[in-house]
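In what follows, a single structure is set out as structure tokens and then discussed.
The values are calculated or read from the model by the stated rules, or taken from the named source; none is laboratory data. Here the structure is a predicted model, which is why all the values come from computation and not from measurement. Cβ placement follows ideal geometry from the backbone for every residue including glycine, while neighbour counts extend to all protein chains displayed.
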Amino acid sequence: MMPGGGLCFGVKRAVEAARNAPGPTAALGELAHNPKVMDDLRRAGVRIIESREDAGPDETVIVRSHGVAPEVMANLEANARDVIDATCPRVRRAQLAASRSAAEGWPVVVVGRASHPEVEGVVGYAGDATEVVSDAGEARRLPHRDRRAVVFQTTFDPSSVDEVLEALGSVTGELKVHDTLCTVVAHRRETVARLAEEVDAVVVVGGANSSNTAALAQVVKKAGTPVYCVERAKDLPMEGLGEYATLAVIGGTSTPWESLEEVAARLKGY
Ligand code: SF4
């Protein structure tokens, strides 16, 4: 059995910023899509708020790794006691690519899930002509334009990039492509694809609402290997797992290392 994963550096940075913030602290949205991490933060006194208006005037507000649109940041800075910007540097790179391209006159197309907070934030930097597509089918249905700048959601599936670019190329005269994919996510997917070939079954550990954890499970399913998704060790369905000689345990980028160790320890004990 081989455990792999743990919080990525972007999420870890935001969680540490919240833990170390002075005085009353609120996080704008979940800092990690993981119940254990969020429970620990609540116990440490961090309040989770859903909108910028919920921030109290005496609170320090943490902007999570997904980042926010410029007007949200300005509003927070005007209303909260202090703001700690824990936008992941890789997300920041996507925001800057979008704002630079828009300033140079390139209409921007953001490739990702429109309702994802990271995409909402990047769109805020990308100017009025911005479009969002989630896959090649949507890209193909865009109107023709002479040129477009392309920015990817950092966690977009690397195996779909070529297909989306080909579709965008079919409706655009000139494309300027910014490689804004996160290598941590790409590497985690490559690892799980390799493990799925080597072991009898894979246990994916992570929050039920974590899309990158769900994406890891999809990679395993695609390889035809049995996959079990759990949030914590107590969720393991122990009966079925005894039949496998080798198991791999892997977590998404918002899964803390302790959760992986707990799961691995329970499986070893079994
Ligand atoms: S997955 Fe990548 S881009 Fe997203 S927070 Fe983690 S390191 Fe940053």
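A few remarks follow.
- In segment 208-237, the residues that are in contact with a helix residue (DSSP H, G or I) (Cβ under 8 Å, 6 or more places away or on another chain) and of a type in the set (A, V, I, L, M, F, W, C): ALA215, LEU216, VAL219, VAL220, ALA223, VAL227, CYS229, VAL230, ALA233, LEU236
- Within segment 132-171, the set of residues being of a type outside the set (D, E, K, R), within 22 Å of the chain's Cα centre (by Cα) and part of a loop (DSSP other than H, G, I, E, B) comprises SER134, GLN153, THR154, THR155, PHE156.
- Restricting attention to segment 206-242, the residues being within 28 Å of ASP39 (Cα to Cα), more than 16 Å from the ligand (Cβ to nearest atom) and under 20 Å from the mean Cα position of the chain (by Cα) number 7.
- Residue pairs meeting the criteria (Cβ under 8 Å; at least 6 apart or on separate chains; first on the phi > 0 side of the Ramachandran plot, in segment 62-90; second of a type in the set (Val, Ile, Thr)): GLY67/THR87; GLY67/VAL91; GLY67/VAL122
- Hits in segment 51-91 (condition: within 18 Å of ARG19 (Cα to Cα), surrounded by 17 or more Cβ atoms within 10 Å (Cβ to Cβ) and away from the ligand (no atom under 16 Å from the Cβ)): ALA55, GLU59, THR60, VAL61, ALA80, VAL83
- Meeting the requirement of 2 or more residues that are touching a strand residue (DSSP E or B) at 6+ places or on another chain (Cβ under 7 Å), the helices (runs of 4 or more DSSP H) wholly within segment 172-270 are 183-198, 211-222, 257-269.
- Where ASP39 falls short, out of the listed (1) among the charged types (D, E, K, R); (2) within 15 Å of the ligand (Cβ to nearest atom); (3) under 30 Å from LEU241 (Cβ atoms): (2)
- Checked against (1) without any contact (Cβ under 8 Å) to a residue 12 or more places away in the chain; (2) within 16 Å of the ligand (Cβ to nearest atom); (3) over 30 Å from LYS234 (Cβ atoms), HIS187 passes all but condition (3).
- All positions within segment 1-21 that are modelled with pLDDT of 90 or more, over 18 Å from THR155 (Cα atoms) and not charged (D, E, K, R): VAL15, ALA17, ALA18, ASN20, ALA21
- Filtered residue count, segment 130-167, keeping only those that are closer than 23 Å to HIS187 by Cβ, hydrophobic (A, V, I, L, M, F, W, C) and touching a helix residue (DSSP H, G or I) at 6+ places or on another chain (Cβ under 9 Å): 6
For (1) over 18 Å from the mean Cα position of the chain (by Cα); (2) assigned by TED's automatic domain parsing to the domain that holds VAL68; (3) closer than 17 Å to THR253 by Cβ, each residue gets a yes or a no:
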site	(1), (2), (3)
VAL15	no, yes, yes
ASN20	yes, yes, no
GLY23	yes, yes, no
ARG43	yes, yes, no
ARG47	yes, yes, no
GLU50	no, yes, no
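- Candidates ALA32, ALA94, ALA129, ALA114, filtered to the one that is among the hydrophobic types (A, V, I, L, M, F, W, C), assigned to a loop (DSSP other than H, G, I, E, B) and within 13 Å of the ligand (Cβ to nearest atom): ALA32
- Sole exception among (1) of a type outside the set (A, V, I, L, M); (2) within 16 Å of the ligand (Cβ to nearest atom); (3) touching an Asp or Glu at 6+ places or on another chain (Cβ under 9 Å) for THR180, by number: (3)
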